[in-house]
Each structure stands twice: as C-alpha cells, then as structure tokens.
Amino acid sequence: MGSVLQVTLLLALAPLAQGVTQSVKARLQGRRGPLPWQPYAVALKLLRRQAVWPQGSTAVMRAAPFVHLAAIAVAAASLPLFSAAGASEILLPLFALALARFALGLAALDTGTPFAGLGSSREMTIGAVVEPVLLASLLPWAVVAGSTAWPALVQASLGMGVFSVVRLAAFAAAFLVLVAETGRLPVDNPDTHLELTMIHEAMVLEYSGPPLALILWGTWLKQIFLVALVAVLVFPWGLAGPYGLLWTAGKWLLLLAALGVSESLTAKMRYLRVPAYLATSLALSLSALALQAAGVH
Amino acid sequence: MVASLLALWDRPGTRAANHYLEIFQSLLTLALGVLGLLGPAANVAIATIWGSWTLQVGIDPLSSFFLAVLGIVQLATAVYGTRYTLHYTRGQQVLIRTLVPQFTMSMALVLVARDAITFLIAWELMSLTSFGLVVVEHHRGEVRKAGFLYLVATHTGALALMGLFAALAAHGLGTGFQSYAHGVPLLGTGLRSLLLLAGLVGFGSKAAIVPFHVWLPRAHPVAPSHVSALMSGVMIKVAIYGLVRLVFGWLGVGPLWWAMLLIAVGVTSSLVGVLYALMEHGLKKLLAYHSIENVGIIVLGLGAAALGRSLGDPILYEFALAAALFHVLNHAIFKSGLFLTVGSVRAATGTDDLERLGGLARIMPWTTGAFVVLSMAIVGLPPFNGFASEWMTLQSLLRLAHGAAPAVMAAAVVGALGLALTGGLAGACFVKAAGVGFLGPRRTAGAGAVREAAWPMLAGPLALSALSLGLGLVPGVLGSLGMRIAAGLAQVRLGRTPSALALSVPWTRPDRPLYLLLGAAAGALVLMFALRRGTRTQAVRPPWACGGEVAVANAYTATSFSKSIRQIFATFYRPQRSLVRVGTTLPYLPADVRYESAVRHVIDQHLYLPVQRGALRSARFLRRLQSGSLRQYIGYLLFTLLLALVTVGR
C-alpha cells in the first residue's frame, strides 16, 4: 500500500520537478522562463488533443507509452523513500528501466521513418553502455552491504563518513549517470528538434496527443525517480526523522537545481564520445569500490 | 521410444503416423523428466549386458531436469514440424523425418547414460544425426562447408572427452559414473585441473563457448528451422549438462582459479556472442550468435557456483547453480521459440535477411507477437523468464563480491558488469531484429504472396511465449527446484549456516513488487481504454519526412541501426569498408555507388586460419607419399615389413 501511495506522489510531482529544472535553466540564461507548473499545462493540453498515428504503425506503437510509463512506475515504487520497510531490490529498477527503453526503441522503428529510426538506434546504443555504468554506480553500496535489498544499501551508506572520499566519488559517478539517463546536456539536448543532435526527441517524434503526454509524463517520472535514487543512496540522512519529508524535498530541489546548472554550463558532446563520458562514471564507481575494499571510509 | 524410432524407419511414407509418434516420444521424454524430478531418488538401472560389460542408464534430478527441457522443446518442434517440413522436397522430408527422432533420442540417451561407454556412444550418435540434419540441403555449397566444419569441431571435442574418460579409466576408476562421483575428488589437484580443461574443450566445443564457437553460427542457420531450434535450444544444453556433471558431480571442490576460469570464459562468450550478433543481418545467424551469448551467461552462473563452493558458502553455491540451470531452461524456451518464428518467416517470404524483410507485423501478426515476446524474454526484461534467471545470476555475483579477497571481488564485479553490458547490447540487437524485420515499411521480400503461418507453426511459438511469461511471473518454483538439484549434486556436505539469506528470486521481497507490476499493467490497460474512448477521433496520417514522402529506402536498416555500435567497438570489430564509384566521368556525379562494409572475426582469423593453413600444408606434404605408382607402394610394403621384422625380432 505504501508503495502505491509513493508512486502516486511521485507521479503527481514529476511535472513540477521538470518545471523547477526548466526555470533554473531559464534564470541562468537570463530569461524569466515559464512558471514551474508549466509542464502540467503542457500535459493537459496534449491529453485534450487528438492522437495522430503514422500510416502503417501497429499495436507496438500504441502500447509502448503504457509499457514505458508502467515500467518506470514499478521502478519508482521500489525506492525506500519514506520508510525502508516497503522497499524492494535495487535490481528491479535496472531491469524496469531497460524495459521502458526497449518499448520506446521498438515503437520508434514501428513508424518506419528515418528520424525515429535514428533516435532509436542512438538511444539503444547509449542504453547498452548506460546499463553496466548504472549498475556500477550502485556497486559501492551493494558490495559493502552484501545484498541487493534497498534497506541494506541505505544502511551501508549511513555507516560511512559524511564527507568520505568514497561518498564523493560515488556521488560524482551517480551524477554523471543521472545527467545521461535524464537525457540532458552534454549527452542529449532536451530542448532541440534538430535531427543532428537529438536522441530521445527523435525517437518519439511521431507521437502526438494523449500518447505523447504519457511518454512525457513517463520521462518526467524517470527523472524524479533517478533524482530520488541518488538522494536516498548518497545522502540517506533524515529519512525517518520527524522532518523526513522536508529533508527529502530539500535534497530533491538541490539535485534538480544542480541538473539545471550543469546543463547550462556544458555544451553538447559529440554523440560518439558519450561512451567515453560514461566510462568516466564507471571509473569513478570502480575507484569508490576499490577504495572501500582497501578500507578507506 | 525405440519403438517409435523403428516405426519411423520402416515406413517413412506414412506421415501422420510419424508425426504422432514424434509427439508421443516428446511427451514420453517430458513425462520421464517430470517423474524423475518428482521421484524419490536416483535409481540406476542396468539396461544391456555385453559379456561382462554393462551399459548403464539411470536417472537423477539433474538428468531429469535436462530431460524435461528436452521434452518441452521437442514437443513444440514436433507440432511445428508437422507443417514446416512440407516445403522441403520429398527426399529431404524423409531424411528429416528419419533423423529428427533419432537425434532427440540420442540426446535423451546422453542424459540418462550412467557409464562412459554409453555416454560416448550416445554422444557420437547425437553428433552424427545432427550433422545429417545440418546438411539436409546438401546441394548448396555453403551447407556442405558448414557441415564439414561442424563435423571437425564436434569430433575434436569428442576426442577431448575420450581422453577425459580414458584418463579416469587409467586411474582405476573404471567407466561407471558412480565410481567417478566417489573416486575423482580423491585424485590430485593437478590431474583434476587437467580433467577440467579436457572437459572445457570437450563439452565447450559442443556448447560453443568462445573460442570453440566458430562452427555454431555457420551450422545452426543452414539446418531446417525446427532442427536449429532443437540444436540451439537443447543440444548445446546437453553439453552444459556434461559440464555441470563433471564440475559439480565429479571433480569436487577445486582451487579458486577453476571458478575464475569459468567466469572469464562466461563473460568472454557472452560479450563476443552478442557483439557479433549485432553485426548480423540474417535472422538465423543472429540467433545463433545469441546462443553463444546465452551459453556464456550459463557458464557465468556455473563459475559463480564454483566460486561459492570453493569459498565454502553452500547457499551461494546452490543459488548460483540454480540460476544457471534456470537459464538453461529459459534459453531452451525462448531460443527454440525464436528459431521457430524465424522458420515461419522463412517459409512465408523465402528469406531471413533483415535488409529484405520488414512490415511483417501487419501480415503475420501472431508470428510477430511471438517474436516480440520472446525477444523481450531473451533480452532479460521483466516480466519474462530470461529476466528471472539473469537476475539470479547477477545477484549471486554481487553477493560474491561482498567482503571477498580482491581477486574474487574483481572477478565477481567483472562478471556482473559484463552481464549488464551483455543485457544492454542484447536489447539493442533485438530492437533491431524485431523492429527492422517485423515492423516498419515492407521491403522486397516475398512481395504480395506472404501469409500468416498455419496453426501448427503458430502453436509452437505461442505456447513457448506463454511459458516464458509464466516462468517470469512465478520464478520461485524453478529457483527452489534448481537449489534442490544443486544440493543433491554437492558431494561434500558444506555446513549449512542459517545466515540471513541475502539472495532472492524476483518478486519475493516484502511488498511484493509483482503485484505492483500487475497493478501497473492493469492500470495501463484501463488508461488505454479510457484514452481510446476519450479520443474517438484518432487519425492515421502519413509520417512526417520533412514535407516529402517517406520512401522505403529511407527507413532505418539493420546496418544503419547498428552503425554506431560498430564505431564504438571498432577495436573489437576492425570494420572494413569500401566505397566504389562506378562510371565516374564526373567525380561528383557517379552513375552508381557500390558500398561494402564488413567486420573481421578476430578469433577466426588469428586462431583458426593459421591452424587450417598448417593442416592443409601438412596434408599437401603428406600427399607426396601417394604418388600413384605401384612400384612405390610395393616399396612401402617392403619397408614396413622390414621395420616390423626388426621390431619383433629384437
């Protein structure tokens, strides 16, 4: 029951999180930008519109937005956000995110247009490299805990010094993956519709109306889920205390703002150099793991 | 089973009887497997007596498990084969109908053999019958070539196995499997290590682990598709059975490097397999490379189990071995199902080349559905079965890394990351296979005349898809079954410590994420219908292509889809490309452009090409002996006689 409430809350907050990042970005660029609740309006507008499907597309394209959203919802449900008791395995989100990616990648090829194919090819390529890197970013905690259950991981993180080298390296690694997985600069550009640079946007280009709203909502949910994941793993304090909610909200806001700042400071990277970028994250994770094995805390 | 075999041999013309007997045989195998699993203990029965020699067969949980795997795949292929074989010529049909039951029969015999002689006879039968099935279309040159390569590979492996059993006999352990189980662990570590290496070569060449894999991507695709399903789904698992029996049943607890070797071999196989699969455009060849990948994942699980046993952790050993066994079953299910669907595609369109297929979803919806579901299973996505076993393998590797010595931790981490990378690459590969082959615009293949497959050819793949979903939703049954088999196999009673079990199959943690998943799926369905009603005015329009019309040639092909992976892993692929402009009177206005690109197979070129060249060179040298002149042969005779006299006379 707790996890259902948790998913509902995250679903409700996901657009707001996107709006916060967007307005941070706008401020840094010297614009006033839209209000943080603009994404709700966007989704509402799309939900009222008619869906237009490309000729020749099949049930695969119709079903993909639902599979995408449901898979990410399952991932979001597995987090120990408010209490460790209801939490599940760290492996579940990994597999669920892979399912979400597979659904959209396949649906893109269903359209038969070169743009979607291009997006699908790029997304699946990056996804293939992201998966081990994402797993690696969880390793510093999972190996110490000797378990893949969330509560054990949080305990492992709590047992470590606040400003330990391990925590810093693990945070850097996790942040690099966070940027890649939320489709932000320098990996992907969420604001563009230029075929040379876009990845995710190209993949979903043929979607419109309510299905597009579902996809956008799923992507926003994935973003807030990943932010919450980093928050709970790397900064696990104050989960159960009286001000738990406040702490959590504060951590999320900081991380979302950090995402906006980092995106404003970086330029798009050439697509084929993304694996090198992800390898940096891998190296950081593995050094954190090695430091821990060597007894540094 | 023998009766069915004889009946088939006698009247190959009566089709229906053959089909029923084949189905009956598979049901019998399945029943034997299930009964063996339910039955109390291993009972060894003596089947035939030859003088003082007995050929022994028997059954125990491990054999029963593999028999059940065989039975499931056999049943699906038998039903499928009733229709699928019809597009072969009469002579080929007779060949297929005669050989398939013998092939499956010999696999069952390998599984129940309880002494070395029976095992080797059955093994050889299995190799020869499958060879016959590979070369069914022997009028084609490439088929003959593939068949020959397969024959060489399988006999190299058989040689290693004979050496293995001969070494055991030479050390006074006889030929009975029971004496091996008790006697082998007492042998010296050096000798046991040699036995392990011989087993890795012998069984590995059949299971197609890297670097003994070169025959598989050539031999499996040229066989009839339901035979490919049997070979990829079951035959390579029979080799895995041999490896499990050897490593965990006989060899006993070994040094750490055994496990490290298994993990290294597993990671290499899975990555090499999936990377080459990504570059393939022929669906059957692509699937064949994925067999190498999945065998790698199984061996990875075996390595984790061996490591757990060497470290004296019984739960870890049982869990990891259960993961490997579960993946054996899972791979048998989804791989044979995939081969069957591709067989339907080939039968309908005449090709399995991705660059010529496309748009089949609208013509063959059921076949496409099965292919998509089975693709998701092989990639390891929830809630299908591949997910459950990969989860268990991953979990045991992560658990191994906990508090271990640096070397063990490194091996476990490399194993886990390799598995994750394999999963990601497999995802890309199957988006390519399903997306380019079945979705999108129709390309050239079988224009016009393509129809959905007949019901027997749908029943097999659809049943396997349903099974794959079922096992993914309720993986606990297989998890505990595998652990029971593993516990029965361990000869050394490892002290079972009731420590907190940090390992679990999917969906068993508190709060039951399975229910959540089902809830999410139900919610999605409701939402889907709600939205469909809400937007009654759905429109279908041509897709956007910068204002122009989308041409079929514009759509992404398999080559373009995997282009960036080819670039990223260029050090592995060593891609070659050539661009030739034809008729260039003006440099920028060629009449035609010819573009070729290929990847180099490093292992083929640097390991096997030199061996092949050496063999041919020595054969050419030896050919000088065969001059054809009678006088020279008489000279040889005299020389040999002289030599014999000298030797004997001394």
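So for each of A:222-234, A:50-62 I average, over its residues, the number of other beta carbons within 10 Å; can you give me the resulting order with the highest mean first?
A:222-234, A:50-62
Quote the total accessible area buried by chains B and A together, excluding ligands, DNA and RNA, probe 1.4 Å, nearest 100 Å². Before the final figure, lay out each step's value.
Numbers: alone 29620 and 13460 Å², together 37090 Å².
When B and A are taken together, about 6000 Å² of accessible area is lost.
Leaving out ligands, DNA and RNA, what percent of the accessible area of the stretch B:197-353 is carbon and sulfur, probe 1.4 Å?
It is 64 percent, rounded to a whole number.
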Item checked: Point-charge dipole on Cβ atoms (K/R +1, D/E -1) for the protein assembly as shown, about Cα centre, debye to 20 -> 1400 debye
Notebook entry, point to check: So which lysines pass the test for residue A:251, namely a Cα distance under 22 Å, with those fewer than 8 places away in the same chain ruled out?
Noted result: A:25, A:222
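Give me the percent of the accessible area of the stretch A:2-293 that comes from carbon and sulfur atoms, probe 1.4 Å, all protein chains in place. Don't skip to the end; give the middle numbers.
Details: 7000 of 9990 Å².
Taking all protein chains in place, the stretch A:2-293 shows 70 percent carbon and sulfur surface.
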Check: Cross-link partners among lysines for residue B:432, C-alpha distance below 18 Å, same-chain residues fewer than 8 apart left out?
Finding: B:284, B:285, B:335, B:563
Next item on the list: Identify, among B:73, B:593, B:354, the residue whose Cα sits farthest towards the positive end of the charge dipole of chain B, taking +1 on the Cβ of Lys and Arg and -1 on the Cβ of Asp and Glu, with the dipole about the Cα centre.
Entry: B:593
Item checked: Proximal charge balance of residue B:355 [Cβ under 12 Å; K/R count +1, D/E count -1] -> 0
Next item on the list: About the Cα centre of the stretch B:77-185, how large is the charge dipole given +1 on each Lys and Arg Cβ and -1 on each Asp and Glu Cβ? Please answer in debye to the nearest 20.
Entry: 380 debye
Note to self: If you take each beta carbon of peptide B:360-367 and count the beta carbons of other chains within 10 angstrom, what is the mean?
What the structure shows: 1
Item checked: Inter-centroid distance (Cα atoms) of the stretch A:30-48 relative to the stretch B:359-398, Å -> 37 Å
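What's the average, rounded to a whole number, of partner chain beta-carbon atoms within 10 Å of each residue's beta-carbon in B:459-469?
Numbers: counts 0, 0, 0, 0, 0, 0, 0, 0, 0, 0, 0.
Mean partner shielding for this stretch: 0.
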Notebook entry, point to check: Projected onto the charge dipole of chain A (+1 at Lys/Arg Cβ, -1 at Asp/Glu Cβ, origin at the Cα centre), which of A:118, A:8, A:77 gives the Cα projection farthest towards the positive end?
Noted result: A:8
Item checked: Computed label-point distance, nm, for sites residue B:414 and residue A:192 using a 7 Å Cα→Cβ extension -> 3.8 nm
Margin query: So with the 1.4 Å probe, I'd like the accessible area per residue for the protein assembly as shown, rounded to whole Å².
Written below: 39 Å²
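Can you figure out the FRET efficiency of residue B:28 with residue B:454, using R₀ = 22 Å and their beta-carbon distance, to the nearest 0.05?
So the FRET efficiency works out to roughly 0.30.
Rank-order B:634-645, B:457-468, B:331-342 by packing density, defined as the average count of other C-beta atoms within 10 Å over each peptide's residues, highest first.
Values: B:634-645: 10.1, B:457-468: 23.4, B:331-342: 30.2.
Going from most to least packed, we get B:331-342, B:457-468, B:634-645.
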Next item on the list: Take every residue in peptide A:206-215, count the Cβ atoms of other chains within 10 Å of its Cβ, and give the average of those counts.
Entry: 3
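Tell me what chain A gives for mean residue ellipticity at 222 nm when only DSSP H runs of n ≥ 4 count, each as -39,500 (n - 2.57), the sum divided by the residue total, rounded to 500 deg cm²/dmol. Before the final figure, lay out the partial values.
On the way: 11 runs with 208 residues, N = 297.
Helix-only estimate at 222 nm: -24000 deg cm²/dmol.
Looking at the square roots a ≥ b ≥ c of the eigenvalues of the Cα gyration tensor of chain A, which shape do they give, rounded for a/c under 1.5, prolate if a/b is larger than b/c, or oblate?
Values: a/c = 1.60, a/b = 1.47, b/c = 1.09.
Taking the square roots of the gyration eigenvalues as a ≥ b ≥ c, chain A is prolate.
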Margin query: For the stretch A:7-156, what does the relative contact order come out to in percent, with C-alpha contacts under 8 Å and a separation of six or more?
Written below: 19 percent
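Find, among the chymotrypsin sites (Phe, Trp or Tyr not before Pro) in the stretch A:97-184, those assigned to loop by DSSP (not H, G, I, E, B) with at most 13 other beta-carbon atoms within 10 angstrom.
In loop regions of the stretch A:97-184 (DSSP not H, G, I, E or B), the sparsely surrounded chymotrypsin sites (Phe, Trp or Tyr not before Pro) are A:163.
Reported to two decimal places, what Rg/Rh ratio describes chain B when computed on Cα atoms with Rh from the Kirkwood expression?
Working: Rg = 26.6 Å, Rh = 26.6 Å.
Here the Rg-to-Rh quotient is 1.00.
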Check: What residue among B:337, B:20, B:396 has its Cα farthest toward the positive end of the dipole of chain B, where the charges are +1 on Lys, Arg and -1 on Asp, Glu, each on the Cβ?
Finding: B:337
Notebook entry, point to check: Would you list A:217, A:252, B:391 from the most to the least accessible area, probe 1.4 Å?
Noted result: A:217, A:252, B:391
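Note down the magnitude of the dipole of chain A about its Cα centre, charges +1 on Lys and Arg C-beta and -1 on Asp and Glu C-beta and zero elsewhere, to the nearest 20 debye. Display every interim value, and only then the final one.
Working: 17 positive and 11 negative charges, 133 e Å.
The dipole magnitude comes to about 640 debye.
Does the stretch B:602-649 classify as rounded, prolate or oblate by the C-alpha gyration tensor (a ≥ b ≥ c root eigenvalues; a/c under 1.5 gives rounded; else a/b over b/c gives prolate, otherwise oblate)? Intermediate values should be presented prior to the final figure.
Details: a/c = 8.73, a/b = 2.30, b/c = 3.80.
Note, shape of the stretch B:602-649 comes out oblate.
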Item checked: Protein accessible area in the stretch B:602-649, 1.4 Å probe - carbon and sulfur % -> 71 percent
Margin query: What is the distance in Å between the Cα centroid of the stretch B:544-613 and that of the stretch B:306-333?
Written below: 41 Å
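Diagonalise the Cα gyration tensor of the protein assembly as shown and give the resulting equivalent ellipsoid semi-axes, square root of 5 times each eigenvalue, largest first, whole Å. Show your work: numbers first, answer last.
On the way: eigenvalues 477, 235, 147 Å².
They are 49, 34, 27 Å, listed from largest to smallest.
Antiparallel DSSP bridges in the protein assembly as shown: what percent, to the nearest 5?
Values: 18 of 21 bridges.
Approximately 85 percent, going by the DSSP bridge assignments.
The values are calculated or read from the model by the stated rules, or taken from the named source; none is laboratory data. Every value quoted in this text rests on a predicted model; they were computed, and no experiment measured them. Cβ sites come from the backbone with ideal geometry, for glycine too, and all protein chains shown count toward neighbours. Keep in mind that these areas ignore ligands, DNA and RNA; they rest on the heavy atoms of the full protein, side chains included. Shrake-Rupley method; radii C 1.70, N 1.55, O 1.52, S 1.80 Å.
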